[in-house]
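The values are calculated or read from the model by the stated rules, or taken from the named source; none is laboratory data. Just so it is clear, the structure is predicted and the values come from calculations on it, not from any experiment. Don't worry about glycine lacking a Cβ; one is built from the backbone with ideal geometry, like all the others, and counts go over all protein chains shown.
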Amino acid sequence: LERPERTGGSAAEPVGSRLDVGPQVSVVIPTRNEARNVEPLLRRLDEALHGLSGEVIFVDDSDDGTPEVIARVRPSVRLPVRVHHRTPAQRVGGLGGAVSEGFALCAAPYAVIIDGDLQHPPETIPALLGTAVEHAADVVIGSRYVSGGSASGLAGSMRHLVSTGSNRLCRWVFPRRLRGVSDVMSGFFLVRVAVVDRAGLRPDGYKILLELLVASGRLRVREIGYAFAERHAGTSNASLTEGARFARRLFALRVPKPARFALVGASGTVPNLLGTAVLHHVGLHYLVAAIVATQIAVGWNFLGCELLVWDRETGSRLRRYPAFALINNLDLVIRLPLLAVLVGRWHLGVGISTLMSLAAAVIVRYLVVDRLVYRR
Ligand code: GDD
Ligand code: MN
């Protein structure tokens with residue numbers, strides 16, 4: 001599915017017939033198994049965008065025949081409708097990845113992101129667009145938490161709590177960027193396509209709006225209220241996994257990569273120390289305990305790096321592990337002889353010796369780097 005040309009007019013065609021006729025607004029709809037919702041959605045969209053020039057782009061990750069339903073309804077809809085169906089192998093980044101791909105397909109200067117389950121009212125789209133034009137805004141957020149908005153469609157008080165809680169958390173983590181934004185979690189918003197820096201977005205998970213607001217430069221943001229409705233049919237795809245993804249992403253957005261690496265590395269001291277002490281306590285020789293506990297700490301650091309530092313979703317973890325483990329085991333060259341002296345000769349405790357050996361490893365590494373790498 002290609003992004004259509006914004007300006008047209010080949011030699012054969014009269015100029016003017018295709019200039020300026022691109023749509024004003026591209027409605028991007030991420031869908032995952034919404035076969036029962038897309039027909040009523042398209043009908044309401046068609047009605048709501050009456051008098052506007054718009055287009056509809058589905059970015060679909062469904063296995064339930066959603067594209068077939070869209071194809072069946074399309075002829076009776078005035079709006080141009082396109083479907084970008086992603087095969088299971090192409091489904092990178094879930095909902096966020098789908099929206100990000102949608103941005104690349106927009107022919108209009110404004111994109112409106114809207115859910116495919118009718119929780120977001122299509123009738124609000126003209127107001128989003130009107131607000132953007134009137135206030136020269138880059139982003140107009142459909143918010144449940146300003147006047148005119150309501151969150152009654154959030155099934156259960158638990159989801160309500162999660163929604164307001166994560167909104168608060170985001171504003172606490174990014175007080176300046178998110179000043180005046182009441183609904184960072186909103187999945188219903190307009191954005192000027194030109195301000196979307198797709199390369200800077202690393203959207204995996206639900207919170208594409210947060211990514212946009214944090215990763216882009218200064219943006220002019222407005223909000224308008226809307227009533228979050230109950231799901232038309234089916235069940236939400238939100239889950240605990242998505243929640244964990246979100247927390248990781250928030251951390252990664254806030255803390256630079258080298259600092260995340262340092263934090264994970266420092267945290268490895270805990271399993272290393274604890275592991276050595278426990279294994280020694282249950283009868284292992286202290287050098288064996290140190291080697292085994294180091295493997296536990298390396299595994300801990302590896303997981304930390306995978307989840308919090310590099311945050312990769314592609315490639316095989318198993319393939320990365322050997323090189324990572326090798327490099328992180330080099331410390332033992334220093335630590336084991338030192339432990340042999342501290343515990344074996346001087347009869348110091350295993351715990352304190354482990355801690356000293358870990359500190360020594362850092363110091364030796366510093367000295368080696370200082371003398372060999374940065375020598376004048
Ligand atoms: N392409 C694609 N791929 N679409 C997806 C995927 C996916 O992996 N997962 C979900 N979707 C689509 C759904 O089909 C629906 O159209 C929309 O994304 C929202 O998914 P829901 O599963 O209905 O999410 P929700 O109702 O729990 O959450 C919505 O409201 C939240 C506010 O509380 C979303 O809009 C969230 O972004 C929003 O934060
Ligand atoms: Mn929903």
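Entry remark, segment 209-250: residues being modelled with pLDDT under 90 and either part of a helix (DSSP H, G or I) or away from ligand 1 (no atom under 13 Å from the Cβ) (or both) number 17 in total.
To keep it simple, each residue is scored yes or no on (1) touching a Leu at 6+ places or on another chain (Cβ under 8 Å); (2) within 23 Å of Met356 (Cα to Cα).
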residue: Ala233; (1), (2): no, no
residue: Leu253; (1), (2): yes, no
residue: Phe261; (1), (2): no, yes
residue: Val292; (1), (2): yes, yes
residue: Glu306; (1), (2): no, no
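Tell me, which helices (runs of 4 or more DSSP H) wholly within segment 38-126 include 2 or more residues that are under 21 Å from Phe228 (Cβ atoms)?
The helices (runs of 4 or more DSSP H) meeting that bar are 38-48, 94-105.
The selection criterion, being in contact (Cβ under 8 Å) with a residue 40 or more places away in the chain, surrounded by 18 or more Cβ atoms within 10 Å (Cβ to Cβ), more than 18 Å from the chain's Cα centre (by Cα) and within 16 Å of ligand 2 (Cβ to nearest atom), does not hold for Phe189. Remark: Val278 falls outside the filter, which requires a residue to be under 19 Å from the mean Cα position of the chain (by Cα) and hydrophobic (A, V, I, L, M, F, W, C). Scanning segment 135-164 for residues that are surrounded by fewer than 16 Cβ atoms within 10 Å (Cβ to Cβ) and in a strand (DSSP E or B) returns a single hit, Ser150. Inclusion of Leu318 among residues that are of a type in the set (A, V, I, L, M), within 30 Å of Arg249 (Cβ to Cβ) and free of Cβ contacts under 8 Å to residues at least 60 places away in the same chain is warranted.
Every residue, every condition in (1) in contact with a helix residue (DSSP H, G or I) (Cβ under 9 Å, 6 or more places away or on another chain); (2) crowded, with 16+ Cβ neighbours inside 10 Å; (3) in a helix (DSSP H, G or I), yes or no:
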{"residue": "Arg260", "(1), (2), (3)": "yes, yes, yes"}
{"residue": "Leu263", "(1), (2), (3)": "yes, no, yes"}
{"residue": "Asn272", "(1), (2), (3)": "yes, yes, yes"}
{"residue": "Leu284", "(1), (2), (3)": "yes, yes, no"}
{"residue": "Val288", "(1), (2), (3)": "yes, no, yes"}
{"residue": "Ile291", "(1), (2), (3)": "yes, yes, yes"}
{"residue": "Thr294", "(1), (2), (3)": "yes, yes, yes"}
{"residue": "Ala297", "(1), (2), (3)": "yes, yes, yes"}
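Check segment 160-174 and report whether any residue there is touching a strand residue (DSSP E or B) at 6+ places or on another chain (Cβ under 7 Å) and of a type in the set (Val, Ile, Thr).
No: zero hits.
Residues in segment 165-203 that are of a type outside the set (Val, Ile, Thr), within 10 Å of ligand 1 (Cβ to nearest atom) and in a loop (DSSP other than H, G, I, E, B): Asp183, Met185, Ser186, Gly187, Phe188. Checking Glu211, Glu223, Glu242 one by one, the residue that is within 15 Å of ligand 2 (Cβ to nearest atom) and among the charged types (D, E, K, R) is Glu242 and no other. Consider segment 165-184 and keep the residues that are touching a Phe, Trp or Tyr at 6+ places or on another chain (Cβ under 8 Å) and buried (at least 19 other Cβ atoms within 10 Å of the Cβ). The one that is modelled with the lowest pLDDT is Ser166. Could you say whether any residue in segment 326-338 is surrounded by 15 or more Cβ atoms within 10 Å (Cβ to Cβ) and in contact with a Phe, Trp or Tyr (Cβ under 7 Å, 6 or more places away or on another chain)? Checked segment 326-338: no residue is surrounded by 15 or more Cβ atoms within 10 Å (Cβ to Cβ) and in contact with a Phe, Trp or Tyr (Cβ under 7 Å, 6 or more places away or on another chain).
Taking the condition closer than 28 Å to Glu123 by Cβ, away from ligand 2 (no atom under 16 Å from the Cβ), surrounded by 14 or more Cβ atoms within 10 Å (Cβ to Cβ) and among the β-branched types (Val, Ile, Thr), does Val255 pass? Against the criterion (closer than 28 Å to Glu123 by Cβ, away from ligand 2 (no atom under 16 Å from the Cβ), surrounded by 14 or more Cβ atoms within 10 Å (Cβ to Cβ) and among the β-branched types (Val, Ile, Thr)), Val255 does not qualify. If you check Thr354 against the conditions, is it assigned to a helix (DSSP H, G or I), surrounded by 13 or more Cβ atoms within 10 Å (Cβ to Cβ) and either at pLDDT below 95 or under 33 Å from the mean Cα position of the chain (by Cα) (or both)? It is false that Thr354 is assigned to a helix (DSSP H, G or I), surrounded by 13 or more Cβ atoms within 10 Å (Cβ to Cβ) and either at pLDDT below 95 or under 33 Å from the mean Cα position of the chain (by Cα) (or both). How about segment 311-325: which of its residues are surrounded by 14 or more Cβ atoms within 10 Å (Cβ to Cβ) and not in a helix (DSSP H, G or I)? Scanning segment 311-325 gives a single hit, Asp311. So, in segment 41-65, of the ones that are in contact with an Asp or Glu (Cβ under 8 Å, 6 or more places away or on another chain) and under 19 Å from Leu105 (Cα atoms), which residue ends up farthest from ligand 1 (Cβ to nearest atom)? Top of the filtered list is Ser62.
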